[in-house]
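What follows is one structure encoded as structure tokens, with my remarks underneath.
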Amino acid sequence: MDDCLPSGNKHIQRIVPSGLLELVFYFDDKPIVADKTKSNKDNTLITGQLNEYFDIEITGKISLFSIIFQPHGLSAFLDIPIQELYNQNVPLSLIFKNDINELETKLYEAKSFSKRISIIEDYFIKRLKSNGLKYNFNRIDNSICKINQMRGLVEINDLALEACYSRKQFERIFLTMIGTSPKQFLKIVRFQHAIEMKSNDKSLNLTDLTYQCGYYDQAHMINDFQKLSGMTPRQYFNDCEPYSDYFQ
């Protein structure tokens with residue numbers, strides 16, 4: 001993304017849990033994060049799984065290069081439990097300590113978007129080869145595919161059984177690789193599914209949306225929307241153009 005707001009202008013963007021992890025390289029002005037616990041001075045940040053919303057304020061020129069990972073994708077490249085990133089923006093330099101300055105310089109000096117893609121792909125392919133295959137990755141990959149296929153309407157016990165884990169084992173490994181508990185992740189996926197359905201059919205009323213997305217009743221959907229976006233479903237769809245980051 002490369003954009004520049006006219007002098008003195010600002011834009012407030014609400015960030016809601018998407019179920020995905022993101023690595024962002026900032027090359028010019030950085031957004032101001034209202035929540036100081038998520039603010040950081042570094043220019044390269046990994047955002048872990050979120051359990052709540054927060055706002056950023058964009059002013060001046062923003063230039064960034066962002067990589068979005070599937071829920072379990074980042075675990076293939078890191079040697080730390082992904083839950084260490086939970087609800088945080090973590091400087092990449094704290095995780096990949098040796099070659100981050102060189103990587104940032106290459107990306108900054110790249111003359112095109114396609115060149116930046118080539119640089120970052122080469123970097124992560126080398127890390128993937130050095131890490132090797134992980135024993136649990138394929139089983140959790142299958143669980144994520146099932147969750148996506150069912151749009152979050154699946155029982156944790158069934159996921160554990162299909163992955164050949166006990167429920168306790170499944171919850172522990174899922175937390176390590178995804179960065180949040182299965183219960184919280186399913187809640188985010190259902191939330192993103194509701195946004196997806198509304199974006200596909202804006203005539204859907206809240207009653208139909210409630211039951212088609214697997215909520216027990218409207219009170220449960222309202223509660224999840226308020227926790228994850230700070231708004232009721234009605235407020236969210238009135239104020240925001242419905243677009244699901246997860247089911248894009």
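Computed from the coordinates by the stated procedures, all read-outs in this text should not be read as laboratory data. Note that the structure is predicted; figures quoted are calculated from it, not measured. All Cβ positions, even for glycine, are placed from backbone atoms using ideal geometry, and neighbour counts span all protein chains on display.
At full extension, GLN218 and SER114 could sit 32.9 nm farther apart than now, given 0.36 nm per residue minus the alpha carbon distance. Once the Cβ-Cβ distance of ASN157 and ILE80 is raised to the sixth power relative to R0 = 41 Å, the FRET efficiency obtained is 0.90. Holding the Cα-Cα limit at 23 Å, pick out from LYS38/LYS115; LYS10/LYS41; LYS41/LYS106; LYS38/LYS126 the pairs that are longer than that. Those over the limit are LYS38/LYS115; LYS38/LYS126. For the stretch 137-239, the equivalent ellipsoid derived from the alpha-carbon gyration tensor has semi-axes of 28, 13, 11 Å in decreasing order.
With the Kirkwood sum run over all distinct C-alpha pairs, the chain has a hydrodynamic radius of 19.5 Å. Label separation (GLU102 vs GLU241): 4.1 nm, computed from points 7 Å beyond Cα along the C-beta direction. Per the Debye formula on identical point scatterers at the alpha carbon atoms of the stretch 192-248, with no solvent, log10 I(q)/I(0) at q = 0.18, 0.19, 0.22 Å⁻¹ is -0.52, -0.59, -0.81.
Projected label points at SER166 and SER66, each 7 Å from Cα along the beta carbon direction, are separated by 4.1 nanometres.
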